[in-house]
Amino acid sequence: MHDILSVMNIYLGLLASVIGLGVASHIYRKKKSNTKLVCPRNGCEYVVHSTHATTLGIPNELMGLGYYIVIGLLYAGLLILPCMDTPLVHNLIRGITGAGVLFTLYLVGLQAFVIKHWCHWCLGSAFATLLLAIALFL
């Protein structure tokens with residue numbers, strides 16, 4: 001079934017999930033240890049400690065960790081386990097990625113219009129989500 005998602009798409013999805021996981025875990029570790037998050041323009045601290053740093057009481061970086069782990073496992077499963085190469089798994093990847101793109105757009109919008117500061121680490125996570133979206137359409 002690799003005609004729907006080619007092997008190249010799967011590898012790009014895996015790469016994007018690893019990038020996103022690295023970024024989300026970096027933000028999580030810095031916040032957990034109360035260490036300043038270093039950004040080129042000092043906007044990170046405003047963003048990751050704003051009132052918008054949680055959604056439904058869950059820290060956004062933890063949601064990111066879950067998102068990148070789940071999507072990464074799905075892509076890895078497509079490579080490793082031929083039985084996972086089904087329309088259901090492909091639709092799960094599409095649905096989860098679509099939700100991730102929408103949530104990312106919301107978070108980027110918050111940075112631009114509400115918080116009015118940019119977190120470069122957060123934008124790195126947004127880039128990983130963009131790569132995940134591209135992986136669906138290449």
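Here is a yes/no grid of residues against (1) surrounded by 13 or more Cβ atoms within 10 Å (Cβ to Cβ); (2) within 24 Å of Phe137 (Cβ to Cβ); (3) of a type in the set (S, T, N, Q):
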residue: Tyr11; (1), (2), (3): yes, yes, no
residue: Leu21; (1), (2), (3): yes, yes, no
residue: Pro40; (1), (2), (3): no, no, no
residue: Glu45; (1), (2), (3): yes, no, no
residue: Thr55; (1), (2), (3): yes, no, yes
residue: Pro59; (1), (2), (3): yes, no, no
residue: Val70; (1), (2), (3): yes, yes, no
Does Ser17 satisfy the condition of being surrounded by 19 or more Cβ atoms within 10 Å (Cβ to Cβ), under 21 Å from Leu130 (Cβ atoms) and out of contact with any His (no Cβ under 6 Å at 6 or more places or on another chain)?
yes
Consider only pairs whose beta carbons are under 7 Å apart and that are at least six residues apart or on different chains; among these, list those whose first residue lies in the range 70-99 and is under 15 Å from Val18 (Cβ atoms) and whose second residue is among the hydroxyl-bearing types (Ser, Thr, Tyr) and part of a helix (DSSP H, G or I).
Ile71/Ser17; Ile71/Thr97; Gly72/Ser17; Tyr75/Ser17
Identity of the residue in the range 107-135, open to solvent by less than 40 Å² (accessible area, probe 1.4 Å) and more than 14 Å from the chain's Cα centre (by Cα), that ends up nearest to Leu14 (Cα to Cα)
Cys119
The residue from Thr104, Thr86, Thr97 that alone is farther than 18 Å from Ile27 by Cβ, among the polar types (S, T, N, Q) and buried (at least 17 other Cβ atoms within 10 Å of the Cβ) is Thr97
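The values are calculated or read from the model by the stated rules, or taken from the named source; none is laboratory data. Keep in mind that what you see is a predicted model, and the values were worked out from it rather than measured. Glycine also receives a Cβ, built like all others from the backbone with ideal geometry; neighbour counts cover every protein chain displayed. All accessible areas refer to the heavy atoms of the entire protein, side chains included, with ligands and DNA or RNA removed. Shrake-Rupley method; radii C 1.70, N 1.55, O 1.52, S 1.80 Å.
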